[in-house]
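*Asks:* This is the structure I want to talk about, given as C-alpha cells.
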Amino acid sequence: MRKTELQRFRKLLLEEKERVTQSLAQHEKIIMHTDDQSGLETGKAHSNHMADQGSDEFQYETTIKFAKTEGRYLYNIEEALRRIEDGTYGNCQECTRAIALPRLRRLPYTRLCIECKEKEEAGTI
C-alpha cells in the first residue's frame, strides 16, 4: 500500500475515532443521568405515568445498546490505527494476504479479507 493511501486511511480513522468518542461521551452522560440538555428522563425511578416510565426505560436501554455497539466500533478503529503503526494495516489477519482497496475504503477498520470474512461468518475459521 502506498504511503499516501496509508496516510489517508489514518486521517479517516482518526476523524471517525473522534466522532465516536464524542458520541460515546454523550451516551455516557445519558446513562449516568447527567445529561440535563437532552430532556430525557431516562432511567429515572419515578415517572409521572406508567407509560412515561416505560418509554423512559426503553430509551435508556436503547442508549445502552448504542453505546455498547459504538464501544465495539471504537475498539475496531483503535485496532486499525495500531495496525497502521505496526505496519500490518491492509493485510488480512487470517491469511496475511492484502485486503482489497475497495473493501478497505468501505470498511477502513476491517481486519479480514472478504474470503476470510465469509469463512468466519460461516464458522469455518
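Values quoted throughout were computed directly from the atomic coordinates according to the rules given, and no laboratory measurement underlies them. This structure is a prediction, so every number in the text was calculated from the model and none was measured. Glycine also receives a Cβ, built like all others from the backbone with ideal geometry; neighbour counts cover every protein chain displayed.
*Asks:* How much length, in nm to one decimal, is gained on full extension between K29 and I64, taken as 0.36 nm per residue of separation minus their Cα-Cα distance?
*Replies:* Roughly 11.5 nm would be gained on extension.
*Asks:* Exceeding 28 Å between C-alpha atoms, which entries from my cross-link table qualify? They are K17/K117; K11/K117; K3/K68; K3/K117; K68/K119; K68/K117.
*Replies:* Exceeds cut-off: K3/K68.
*Asks:* To continue, here is another question. When a footprinting reagent is the concern and you count Cβ atoms within 10 Å, what order do L12, L112 take, fewest first?
*Replies:* Lowest to highest Cβ neighbour count: L12, L112.
*Asks:* Taking amide hydrogens as modeled 1.01 Å from N in the peptide plane, which residues meet the under 5 Å criterion relative to N91, leaving out close sequence neighbours?
*Replies:* For N91, whose amide H was placed from the backbone, the distant partners under 5 Å are I99.
*Asks:* Sort Y89, Y75, Y60 by Cβ crowding within 10 Å, fewest neighbours at the top.
*Replies:* Least to most surrounded, the residues fall as Y75, Y60, Y89.
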